[in-house]
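**Student:** Can you keep this structure in mind? I'll have questions shortly.
The values are calculated or read from the model by the stated rules, or taken from the named source; none is laboratory data. Quantities reported herein were computed from a predicted structural model and do not represent experimental measurements. Neighbour counts are summed over all protein chains in view; Cβ atoms, including those assigned to glycine, are modelled from backbone coordinates with ideal geometry.
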Amino acid sequence: MKNILLINPWIADFTAYDLWAKPLGLLYIGKFLHHYGYDLELIDLTDRLRWGGDKPAKSRGKYPKTLIPKPPVVAHVPRRFGLYGASRKQFAMALKNVTPPKLILVTSHMTYWYPGVRETVTILRDTFPETIIVLGGIYASLFPDHAHQTIQPDYLITGYGEKPVLELSDRIFGISRDYSTVPKHNDAGMLPWDLYPNLNVAPILTSRGCPMHCDYCATPLLNPQFSQREPADVLAEILFLYHQRSIREFAFYDDALFTHKEQHIKPILRGLIKENLAAKFHTPNGLFAREIDAGLAELMRATGFETIRLSMESVIPKWQKASSNKVSTRDFENALVFLENAGFQRKNIEVYIIMGLPGQRYSDVETTLRYVFEQGTISRLAAFSPIPQTPFWQIAKERGCVSDDMDPLLTNNTIYPCASRDFPVEKFLELRQLSNDLNAKIRTNMMD
């Protein structure tokens, strides 16, 4: 029996919130392995519908939290640290109910969540001491040396994992195969949603990668080539989930959902409208405002888009350049007009603003916050987290914010890694309060 156990590990952090998330990278690898004849089981330790939490029947909400001691390197942070997801007891019971695996694949997400990965793997080792454990994902790809040393997997895979995992699995299970015909990855087709007996929301990826190369973003490192699925393939997956699994909420998790809009997202949305679905669609990642035209805005409204988040990042030219010049104030304002004309209310449109870049000033962020407020929209501050191999990692290193051998816990945006004498933590907290105050005025129509 060619059985492989897939594991989505605990989050370990000061705070965490579920925004329609599922371990899509792990599921894509599972789909790939299943196509080549492997049997799969999944334990997703952050599945709120399985483990409980804050209103688990809701498609988004707080994860259940188990308090654990703060790692010494962040002991100075005046917040409580914890594991998010299943309790240890729930995890132990789940492991008793799976077929003893010959191979376990563990994914990883935010680099500073690695204590959750370590805790997960420790329990897996204690339960299945003879089983081979493979680690992949974002943390493993961005901090491979640290991951090797800290997690100590039997194998570590960086970057695209589909073909390397297949070749490794075949060696472990004693299977011969002609790999010259095996693609590097294949995003077409249905993800193995049957691994979730209970499902109330489905995140959807219609593409991989991003055509932009923002100076602070990991996407070009993790997904160096931008590719899009065929619209009919995306539509088929959504319709299957709607009709066969009764899913009524979907979240597009693309980094560049609207790129090549005439050949991609518009045909997808037209197909959904034709099916007359009673569904809601969310966009947790920032949409490119410059791609929104009147036609696209009308399609979004007719399809049932509910959560709209736009990428503004900054109105300051220097930081717009660092963000690939993906949006100008003119693009942004035009997009708001198109969305409003289509029936969306500005007070329900959220806008990402980046803060904490090395060299960024308090006034840069404040100016952008007030601009977003003047447009009648909701600001969402996104604090900078340094990422190895990006241009801003080098800048942060030159400023003494980071080092190549630093503990990834210190890249956590919750602790503002590039705070300085000129822009201390207290000022970041002031900006968060300003954002909250301005948003409250928007929501209560008190903009004067």
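**Student:** How about segment 203-225: which of its residues are of a type in the set (A, V, I, L, M, F, W, C) and more than 21 Å from Arg309 (Cα to Cα)?
**Tutor:** Across segment 203-225, the qualifying residues are Leu221, Leu222.
**Student:** Given (1) closer than 26 Å to Arg48 by Cβ; (2) in contact (Cβ under 8 Å) with a residue 12 or more places away in the chain, identify the lone condition not met by Pro144.
**Tutor:** (1)
**Student:** Let me ask something else. Keeping to segment 92-101, report how many residues are without any contact (Cβ under 8 Å) to a residue 40 or more places away in the chain and either of a type in the set (Ser, Thr, Tyr) or under 20 Å from Tyr196 (Cβ atoms) (or both).
**Tutor:** Total satisfying the criteria: 3.
**Student:** Would you pick out the residues in segment 390-414 that are surrounded by fewer than 20 Cβ atoms within 10 Å (Cβ to Cβ) and outside any loop (DSSP other than H, G, I, E, B)?
**Tutor:** Pro391, Gln394, Ile395, Lys397, Glu398, Leu410, Asn413, Thr414
**Student:** Select from segment 339-359 the residues that are touching a helix residue (DSSP H, G or I) at 6+ places or on another chain (Cβ under 8 Å) and surrounded by fewer than 20 Cβ atoms within 10 Å (Cβ to Cβ) and list them in ascending order.
**Tutor:** Let us first name the residues in segment 339-359 that are touching a helix residue (DSSP H, G or I) at 6+ places or on another chain (Cβ under 8 Å), namely 339-344, 346-347, 349, 351, 353-359.
Residues satisfying the conditions are Glu340, Asn341, Ala342, Gly343, Phe344, Arg346, Lys347, Gly359.
**Student:** Pairs needed: first member in segment 73-91, within 12 Å of Leu410 (Cβ to Cβ); second member anywhere, acidic (Asp, Glu); C-beta distance under 9 Å; at least 6 residues apart or different chains.
**Tutor:** Val73/Asp407; Val74/Asp407
**Student:** What are the residues in segment 430-439 that are exposed (fewer than 11 other Cβ atoms within 10 Å of the Cβ) and over 19 Å from Arg361 (Cα atoms), if any?
**Tutor:** none
**Student:** Further question on the same structure: Select from segment 109-165 the residues that are closer than 19 Å to Ala21 by Cβ and hydroxyl-bearing (Ser, Thr, Tyr) and write down the one among them that is farthest from the chain's Cα centre (by Cα).
**Tutor:** Per the stated criteria, the residue is Thr120.
**Student:** Moving on to the next point. Just a yes or no: is a residue in segment 241-254 part of a loop (DSSP other than H, G, I, E, B), under 14 Å from the mean Cα position of the chain (by Cα) and either closer than 23 Å to Thr111 by Cβ or free of Cβ contacts under 8 Å to residues at least 24 places away in the same chain (or both)?
**Tutor:** Yes: one or more hits.
**Student:** Can you give me the number of residues within segment 376-386 that are surrounded by fewer than 19 Cβ atoms within 10 Å (Cβ to Cβ) and assigned to a loop (DSSP other than H, G, I, E, B)?
**Tutor:** 1
**Student:** With respect to Leu429, determine if the residue is among the hydrophobic types (A, V, I, L, M, F, W, C) and more than 23 Å from the chain's Cα centre (by Cα).
**Tutor:** Yes; evaluated as a whole, the condition is true for this residue.
**Student:** Report, by residue number, each residue of segment 175-218 that is in contact with a Phe, Trp or Tyr (Cβ under 9 Å, 6 or more places away or on another chain) and of a type in the set (S, T, N, Q).
**Tutor:** Answer for segment 175-218, where residues must be in contact with a Phe, Trp or Tyr (Cβ under 9 Å, 6 or more places away or on another chain) and of a type in the set (S, T, N, Q): Asn186, Thr206, Ser207.
**Student:** Let me ask something else. Collect the residues in segment 272-286 that are in contact with an Asp or Glu (Cβ under 7 Å, 6 or more places away or on another chain) and basic (Lys, Arg), keeping them in residue-number order.
**Tutor:** Lys280
**Student:** Kindly check whether there is at least one residue in segment 224-240 that is modelled with pLDDT under 95 and part of a loop (DSSP other than H, G, I, E, B).
**Tutor:** Filtering segment 224-240 for residues modelled with pLDDT under 95 gives 224-225.
Going one step further and asking which of them are part of a loop (DSSP other than H, G, I, E, B), we end up with 224-225.
Looking through segment 224-240, at least one residue is modelled with pLDDT under 95 and part of a loop (DSSP other than H, G, I, E, B).
**Student:** Output the number of the condition that Pro220 fails; it satisfies all remaining conditions of (1) assigned to a helix (DSSP H, G or I); (2) modelled with pLDDT of 95 or more.
**Tutor:** Among (1) assigned to a helix (DSSP H, G or I); (2) modelled with pLDDT of 95 or more, Pro220 violates only (2).
**Student:** Spot the failing condition for Phe226; the list is (1) in contact (Cβ under 8 Å) with a residue 60 or more places away in the chain; (2) in the same structural domain as Pro386 (by TED's automatic domain parsing), and only one is missed.
**Tutor:** Evaluating Phe226 over (1) in contact (Cβ under 8 Å) with a residue 60 or more places away in the chain; (2) in the same structural domain as Pro386 (by TED's automatic domain parsing) leaves (1) as the failure.
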